[in-house]
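Take a look at the structure set out below.
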Amino acid sequence: LISYHLKKYRVSVTMDFPSDLPLLVADRMKLRQVFLNVLVNAGDAMPNGGSLTIRAAASRNAEGKPAVVLEFIDTGEGIPAENITKVMEPFFTTKPEGKGTGLGLAICRRIMQEHYGSLELISAVGRGTTVRLTLPLSNGSNSSLVME
């Protein structure tokens, strides 16, 4: 769904997924929406080309519980420090008029919260952005369904 967008911007993609990554119980369509939004944003941040690394790893969340961490690391324009928290607020956008609604990351954050996970942005102007998604392997509603 996103390959044309990334090719148009001359973005090379590297994926790093270990074969022994734990399984998650999650809403596939909602996570697809998160991934698409993050990927479109990465492409938009690299209008003159660049690289995007997507990696996943077994880890732990902030509470120390088993989790999967997905990182989308781009070499784009980056987000100014004064905007890093604002970009997840509804209707705030750094994109030109007509290019974005400012709802994408707000929706992503909400979806991650619905999954008892988190969305973190790490960015530096001129150096790129890392979007880190952390999803727990289990929570109160799915702990009996998780397969490790």
Please verify whether LYS99 is among the charged types (D, E, K, R) and under 27 Å from ASP27 (Cβ atoms), treating the condition exactly as stated.
no
Answer with yes or no whether LEU1 is farther than 19 Å from ARG110 by Cβ, hydrophobic (A, V, I, L, M, F, W, C), surrounded by fewer than 18 Cβ atoms within 10 Å (Cβ to Cβ) and more than 17 Å from the chain's Cα centre (by Cα).
no
So which residues in segment 54-74 are open to solvent by less than 40 Å² (accessible area, probe 1.4 Å) and within 12 Å of the chain's Cα centre (by Cα)?
ILE54, ALA56, VAL69, LEU70, GLU71, PHE72, ASP74
So how many residues does segment 96-125 have that are open to solvent by 60 Å² or more (accessible area, probe 1.4 Å) and under 22 Å from HIS5 (Cα atoms)?
6
When segment 69-106 is examined, which residues are found to be in contact with a Gly (Cβ under 9 Å, 6 or more places away or on another chain) and of a type outside the set (Ser, Thr, Tyr)?
ILE73, ASP74, GLY76, GLU77, GLY78, VAL87, GLU89, PRO90, PHE91, PHE92, LYS95
For residues that are among the aliphatic types (A, V, I, L, M) and within 16 Å of the chain's Cα centre (by Cα), scanning just segment 4-23, find the one that is surrounded by the fewest Cβ atoms within 10 Å (Cβ to Cβ).
MET15
Contact list, first residue from segment 23-47 and in a helix (DSSP H, G or I), second anywhere and of a type in the set (Val, Ile, Thr) and open to solvent by less than 60 Å² (accessible area, probe 1.4 Å), beta-carbon distance below 7 Å, six or more apart or interchain, is LYS30/ILE111; GLN33/ILE111; VAL34/ILE111; LEU36/ILE2; VAL38/VAL131; LEU39/ILE2; VAL40/ILE2; GLY43/VAL11
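The values are calculated or read from the model by the stated rules, or taken from the named source; none is laboratory data. All values reported here derive from a predicted model rather than from experimental measurement. Note that we place each Cβ from the backbone using ideal geometry, even for glycine, and neighbour counts take in every protein chain shown. The area values use the complete protein model at the heavy-atom level, side chains included, leaving out ligands, DNA and RNA. Shrake-Rupley method; radii C 1.70, N 1.55, O 1.52, S 1.80 Å.
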